Every structure is written in C-alpha cells, then in structure tokens.
Amino acid sequence: LFAGCGGKGAQTNAPAPTKTETEGKKEAEVQTVESSKDAPNAAKSRANAKDTMVIGMVSSLGTATWLPAYYNDLEDIRFATLVFGQGMLTNDAKGEVVPFLAERYELSPDHKTYTFYLRKDVKFSDGTPLTAKDVAFTYTLLCDPKYAATGQRQEAVDELVGFKEYSEGNATEVAGIKVTDDYTISFTYEKAKVSNVFNFSLPIMSKDYYKFQKGDADKLKDHVLDLMGAGPYKFVKYEEGQFAEFVANENYFLGAPKVKNLIVKVTAQETYIQELEKGDLDVQLQVSARQENNDMIQKVGCLNINAYPGNSYGFITFNMSRDKFKDVRVRQALVHAYDRKTVIDSYFSGYADVQQTPLSPVSWAYTDNVVKGMNKYEYSPEKANQLLDEAGWMLGTDGVREKDGQKLEIEFLTTPQGRFNTTVLIPTIKTYWEAVGAKVTVNQVEWSVLLDKVLSEDHEYDITTMQWGMTVDPGDSYSTFHSKYATIPGSNNFNVFVDAEVDRLLDAQAEEFDKAKRTEYLEQFALRINELAPYMFMYQVQEWDVVNNRVNNLTTSPFVDWTMIIDKAELDQ
C-alpha cells in the first residue's frame, strides 16, 4: 500500500458518498452483523488479555522506515503515528482541519504565511518538551541537500521562501521558517496555495534526539527504527515480517493510552477469521470485503464489522518512460481489453466499485460532473483491437502485436502477497491482454524489491499494481501527476507522467481559495486523467475492520485511521 502524500492533512466539508455512489454495495447486509456480549469470547481468556490488544493486518509491516520524514507506505505512516503522533494540524471525522499539536494557527492576509501557536503541554516520550525548535528541525530536514534522494515529503517545503538557498546553496537556515519563541513558529511560502495547509500534519521529530548537520540527512535513514516521539505509544520491538510491539507512553499529552500493550502482527487472509474466533486477535484490519467473510464473521458471534467506503483506490500503472506506453491509444486499449467490472464483482461480491479517476468517491470533489463526464472504459476487445491497430501495433503470425520490429511484450512486476493479486489479477490480466495481442509475463518479487525498482531513477518496470490511500484533500494528487515530480527519484510520480494541461489544472486548483472554483479545476483534472489513462484504475472497495466486542472506542471511518484514536480504546475484561 502506498500513501498518496501521506504527510498531508485534511480538507474541509467532505461529505459521505451519496446513495447513487454506493448503489450496488451490500451495506445493509454488513450492518446486520451485530455481536452479542453473551457470545463465547475466547479473547477474554487469552494469557495477555487484560492489558494487551493484538491487531492483525494482512499487508506487511511496511518497509520498517518509520521516521516521519522517510516513511514510504501506509503501514509506515501508521507506525510513525503511533510513536510520533500527529502533526500541528490533523482532521476530524468530517474531514475538517483541526489543530492538534498547535492550539491554533493564523493565515496571513496574502495567504502565504502560516503562524502556529503550539500547545505547551506536549512532551516527547523521554519527558522533554516539544517546542518550536523541534518543528523547525523537522521541516528543515526536508529541505536538506541530501534529503531529496532518500525521502518523499519534500513537496511540503520545496516552495518555502529560502528553500533553494538552503537546499542548493550556502544558507544555514531556511528563511521561510521563523521561530519566534519556544511555542510560536511561522512558515512563509513563495506562492499562496490552499493546499499548503495540508503540509502541517507531519509528525514532529526531536531536534536533540535526531541531531544532524546540514548535508547529513541521509544518515538518519540508518536510524529508522531508533524511534522516540511524542505519540501515544513507545516502540518496543520489531520482528521483520512478523510483528511489532509497543507500550503506552506515560508522557502522552492527551493522557496515557488506556490499553498498556499493543501488538501489531502480520496475518494471512486464509486464517485471520479463525484467529479472531480463537481469540488470538482483538482486531483484524483490512478484512477483504467479501460475502463469504461476512457469513463467517456472523457465525462467530462476538465480532463486529466496522464497514465504510474506503478513501483509497487500487490501480495498475503504466511506466510512461517506456516507448510502448507513450501512445494514449495503447493505454486506452489495454483498459478496454480488461473486464474490470466482472473481475471486481466476482471477487468482492458487490462490495467494491470500478474506479475511473484519481479522485476518491468519498471526496467532496467527486461531483456529478465527474461521474457524468468520465469515460467508463467498458469492456470491449473490439475497441481495444481498433485502438491498437490505429496506434500501429499490428498482429503478428504468433498472435503477438508488433510495431517497428518490436513486440508488444509487457512485464507485470508484482508481489506474491495478496489474495486478489495472486488468485485474480495475475491470471486474468494475462488472459485478457493476450487476447488482444499483448504478451504478458509476470515477475513476482518481495515488496521491498518492488519499491526499489519502481522508485529507482531508471524506473525498472513496465506495469505494476498498487493502492493509493488518499488524504482528505482532493488536491493531494499533485505529486502523483504533476510533471515536476516525474524527474525526482522516489517521488509519487513513478510512472513518469507528463502533461501540460494536467500541470495547469493542478497548479490552478492549488492556488484557488474559492472552493467552487477549485472544484471546477479538480473536475477538469479528474476528467483529463481519465482520458489520458496513465493508470488502469481498478477499484474503490469498502474497508472492513473486524473488532472483537471486548474492544470499545475504536471506530474507524474514511478520514479517521485507527492510529488517530488508539489512545481512546478500552478493553472489557
């Protein structure tokens, strides 16, 4: 799982999906899953049950790069949030921006300077106070000359006043970062952008603990599991690919978490419901939204399904630095050639919809204009063959298309993890695409290897599949599709997508403070991406978190991750 601009915060006034957007999903059936306090509950008799919550997740434990400046994917962000907490700003369940480490903030009349007034009761887990110097340190780290080669959060600072002078010159401080006193700090940007406010949810690192000299930012990557922050939990132990352990931070400024010990472990889709039934797990995240799972969960009796529309989407990306994908007709043809609806409906039992754009359906920017205007790319081998013929890729005697002496051969770089990936996506993509003359080979590698290849300077892949976990700002696709990030190794634009009109629309929406006008730019952006098909958008699926009924106050939603509310969770004995 990748996180789209995971260092950002929230967007205001984000409504839930309308009835028409959720038609076809079996929400009524999900809502019938009601656990009984009288049902047998093996979790209550587990050896460590009294003061320990065990949470399962089917993905890996991330890349174990949990420093806020360096996390790569959604799981890394989650663990960073546990240890380091949330940033100066966060969002509430409605998606509205709210202060967190800051008591309040002010925006200057020209919309360029944000001034934050920090809370005075925030401490790191070692007992030292979190002050403006730590905030300045964290954001200055993102400006370091060596940072761009090793981190993905630089878009939060690359338009600050003085960024270039510090990153590329001899300046010893970033002019746009001003510390007034221990609890007051301001940030001044070159341009007024509505999206700048979303740069301030980045967790804060201790200057005294993570000290470094300018130019040495890359050395911090050697300490990605040397974790000390101001979050609700302290890091205890990590076993690669197996589990991570945490203990409550007694210095947490909102009060020590009510659950003392937290274990997050990797589970398998084939067995996690059995583990829930046996009481080995209290919570299972990312349960596949399928009818067969719903049926099994109901039978257990002591489990609740917390179901909500995911603020995310799955996709297959075309590496547009490869000549075969530069012609839009080839990309459109491959989307038409794949029967997404049949595949998605058969696997997710109606709990997922086909995705068509880079906007999340739960976003306020996902309007009727977008729904009505987008190309649905209905399954049509005939249309696919027509487009490939028009693009000059002609069918050879061996059934594989050729152009200018080159065969249409596509390597699918993927991982051996994930039931949808291994049992559905891999075999069906070969079947559908080879039916229109594209030869597909599958290269399965471990997640860390895949990331290295995809994010490398040479982008060593043809296609790959991932999922973006979105923030609540619909403009957070900026670093995913803007051409300025196409040349930056390790950036979110790892399919090297470049389009002048998309750049114009992304720039315009980022600088527009009138919400109605910003919505228009985002609508045009979504339809432009839909037309150009840099991705084969796949699905937006319901999120299912299954929770034992002995766990209280852990209700997640599209804009509230479990790590944001874990300090409020309680356990029945």
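Laid out as a table, the results:
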| read-out | value |
| --- | --- |
| Any chance residue 350 is small (Gly, Ala, Ser), buried (at least 16 other Cβ atoms within 10 Å of the Cβ) and touching a Gly at 6+ places or on another chain (Cβ under 7 Å) | yes |
| Every residue from the stretch 68-95 that is open to solvent by 10 Å² or more (accessible area, probe 1.4 Å) and not small (Gly, Ala, Ser) | 72, 74, 77, 78, 81, 86, 90, 91, 92, 94 |
| Pair list, Cβ < 6 Å and 6+ apart or interchain, from the stretch 286-307 residues that are modelled with pLDDT of 90 or more to residues that are open to solvent by 30 Å² or more (accessible area, probe 1.4 Å) and outside any loop (DSSP other than H, G, I, E, B) | 300/277 |
| Test for residue 480: is it open to solvent by 20 Å² or more (accessible area, probe 1.4 Å) and of a type in the set (S, T, N, Q) | no |
| Residue within the stretch 317-326 that is in contact with a Lys or Arg (Cβ under 7 Å, 6 or more places away or on another chain), under 20 Å from residue 467 (Cβ atoms), surrounded by 18 or more Cβ atoms within 10 Å (Cβ to Cβ) and modelled with pLDDT of 95 or more present | yes |
| Selection from the stretch 442-501 of residues that are of a type in the set (S, T, N, Q) and part of a loop (DSSP other than H, G, I, E, B) | 456, 471, 487, 491, 492, 493, 495 |
| Elements of type strands (runs of 3 or more DSSP E) in the stretch 173-287, at least 1 residues being buried (at least 19 other Cβ atoms within 10 Å of the Cβ) and under 22 Å from the mean Cα position of the chain (by Cα) | 233-239, 243-248, 261-266 |
| Test result for residue 428, open to solvent by less than 70 Å² (accessible area, probe 1.4 Å), among the hydroxyl-bearing types (Ser, Thr, Tyr), under 23 Å from residue 339 (Cβ atoms) and not in a helix (DSSP H, G or I) | no |
| Pairs with Cβ under 6 Å, 6+ apart, first in the stretch 462-479 and farther than 16 Å from residue 74 by Cβ, second in a strand (DSSP E or B) and open to solvent by 10 Å² or more (accessible area, probe 1.4 Å) | 462/411 |
| Test: residue in the stretch 504-512 that is closer than 30 Å to residue 430 by Cα and either touching a residue at least 24 places away in the same chain (Cβ under 8 Å) or over 21 Å from the mean Cα position of the chain (by Cα) (or both) | no |
| Residue satisfying condition, being in contact with an Asp or Glu (Cβ under 7 Å, 6 or more places away or on another chain), outside any loop (DSSP other than H, G, I, E, B), modelled with pLDDT of 90 or more and more than 24 Å from residue 364 (Cα to Cα), within set 98, 54, 83, 135 | 54 |
| Qualifying residue in the stretch 346-355 (condition: more than 25 Å from residue 463 (Cβ to Cβ) and of a type in the set (A, V, I, L, M, F, W, C)) | no |
| Residues that are open to solvent by less than 10 Å² (accessible area, probe 1.4 Å) and either within 14 Å of the chain's Cα centre (by Cα) or closer than 15 Å to residue 73 by Cα (or both), drawn from the stretch 452-461 | 454 |
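The values are calculated or read from the model by the stated rules, or taken from the named source; none is laboratory data. What you see is a predicted model, and the numbers here were worked out from it, not measured in a lab. Reconstructed Cβ throughout: ideal geometry from the backbone, glycine too, with neighbour counts over all protein chains shown. Side chains included, ligands, DNA and RNA excluded: accessible areas come from the protein's heavy atoms. Shrake-Rupley method; radii C 1.70, N 1.55, O 1.52, S 1.80 Å.
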